[in-house]
Amino acid sequence: MGRIVEISTPGLSLRKERGFLLIHKQGKMIGQVPLDDIDAVIAATPGLYWSGNVLAALAELSVPVVLAGKNYAPVAHILPLACHHAQGDIMQAQASASLPIRKRLWAQIVKAKIKAQEEMLRLRGQPAGRLVRLQKEVRSGDPDNREAVAAQYYWPRMFGSDFRRNREEEGINALLNYGYAVLRASTARAIVAAGLNPSLSLHHVSNSSALRLADDLMEPFRPVVDITVFDLHEEGATQLDSETKSRLAGVLNIDYQTENGRTPLSHLLVRISRSLARVYQQTQTGLEMPLSMRPVALQVQEEK
């Protein structure tokens, strides 16, 4: 499984040597990671020194570098320019995709997200019938914004009536920021590896984001980050530390049931991205989503 490398200590330097990412402090090596094992690098400190060889090597392997700001909210991403043999043709097809196709795909994503929210609420023992009805109401392009209606129902039942999603706040919000940053980075890597342009979205139109397509494709999997944060909070975790970060990064290794058997989320994101490329090239009609929006481990957990 891929690893998330997070650098949060000021004064470190990163170098490349013989296929490894080397981490140095005051001239002494304190750690090394095989470059092939890295899914993403999260830089959460301004006092960090990079070599050009490191950034080039990460780009060649389609490894995104996330620059995180306050509370681990991403402020920038570094992605490769090209890493797919047919990237030009795929991007041309992506840019030429019709609005009806994009709207149909967005409806598929919204339904999957609301289904995932339903599954997580059921795991919490919370009522989820409203979300079942909302899934049926999603139309092409979600013009009625069923996604927002579902969110209004979902958040207070997931984290309590006093919870407000705010990227600037500590506690639960900071944990969510980190989990979403990991998920977004992995999604961006999958998108680029599939030959797609991460800025050409299906739905998201934020002028401040260069990863609008990643924001689209990660939506159905935000709830698995949410339930992980809920579990951490129930265990008494109130801030980001090595243990909570490891648990949140581990979300990428969670298996989903697919037509090809169990597939970890990081690989599933690759399949979804590749299926999107095929839709744009008119060789497929929909995204390759999992058979269930509840991860395999959580299905077993409920059975016990």
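The values are calculated or read from the model by the stated rules, or taken from the named source; none is laboratory data. Fair warning: this is a prediction, and the values are worked out from it, not measured in the lab. Because the Cβ atoms are built from the backbone with ideal geometry, glycine has one as well, and the counts that use them run over all protein chains shown. In case anyone asks, the SASA skips ligands and DNA or RNA and just uses the protein heavy atoms, side chains included. Shrake-Rupley method; radii C 1.70, N 1.55, O 1.52, S 1.80 Å.
Points to keep in mind about this one:
- In the set V300, V270, only one residue is modelled with pLDDT under 95, in a helix (DSSP H, G or I) and more than 19 Å from the chain's Cα centre (by Cα); that residue is V300.
- Whenever a residue of the range 229-243 is hydrophobic (A, V, I, L, M, F, W, C), its partners that are in a loop (DSSP other than H, G, I, E, B) and surrounded by fewer than 18 Cβ atoms within 10 Å (Cβ to Cβ), lying with C-beta atoms within less than 8 angstrom and at least six residues away or across chains, give the pairs F230/R124.
- Subset of the range 131-145 [surrounded by 17 or more Cβ atoms within 10 Å (Cβ to Cβ) and part of a helix (DSSP H, G or I)]: L131, L134, Q135
- Within the range 99-130, being basic (K, R) and either open to solvent by 70 Å² or more (accessible area, probe 1.4 Å) or assigned to a helix (DSSP H, G or I) (or both) holds for R102, K103, R104, K111, K113, K115, R122, R130.
- Flag for L176 being buried (at least 19 other Cβ atoms within 10 Å of the Cβ), touching a residue at least 12 places away in the same chain (Cβ under 8 Å) and hydrophobic (A, V, I, L, M, F, W, C): yes
- Of the residues making up the range 179-203, those that are more than 13 Å from the chain's Cα centre (by Cα), of a type outside the set (G, A, S) and more than 17 Å from L61 (Cα to Cα) number 3.
- Criterion applied to A237, A181, A249, A185 was being open to solvent by less than 10 Å² (accessible area, probe 1.4 Å), touching a helix residue (DSSP H, G or I) at 6+ places or on another chain (Cβ under 6 Å) and hydrophobic (A, V, I, L, M, F, W, C), and the one residue passing it is A181.
- Among the residues here, L291 qualifies as within 30 Å of A86 (Cβ to Cβ), free of Cβ contacts under 8 Å to residues at least 60 places away in the same chain and of a type outside the set (S, T, Y).
- Selection count, the range 204-214, where residues are open to solvent by 20 Å² or more (accessible area, probe 1.4 Å), within 16 Å of the chain's Cα centre (by Cα) and not small (G, A, S): 2
- With respect to the conditions (1) buried (at least 16 other Cβ atoms within 10 Å of the Cβ); (2) of a type in the set (A, V, I, L, M); (3) more than 30 Å from L291 (Cβ to Cβ), A95 falls short on a single one, namely (1).
- The range 1-57, residues that are open to solvent by 70 Å² or more (accessible area, probe 1.4 Å), in contact (Cβ under 8 Å) with a residue 24 or more places away in the chain and either of a type in the set (D, E, K, R) or closer than 21 Å to A68 by Cβ (or both): R3, P10, R15, K16, D36, P46, Y49, W50
- Residue within the range 151-159 that is in a loop (DSSP other than H, G, I, E, B) and open to solvent by less than 80 Å² (accessible area, probe 1.4 Å) present: no
- Qualifying residue in the range 217-234 (condition: open to solvent by 10 Å² or more (accessible area, probe 1.4 Å) and farther than 15 Å from M120 by Cβ): no
- Top-ranked residue in the range 255-295 [being among the hydrophobic types (A, V, I, L, M, F, W, C) and open to solvent by less than 10 Å² (accessible area, probe 1.4 Å); ranked as farthest from P64 (Cα to Cα)]: V279
- Look at (1) assigned to a helix (DSSP H, G or I); (2) under 28 Å from G179 (Cα atoms); (3) polar (S, T, N, Q) and you find that Q92 fails only one, number (2).
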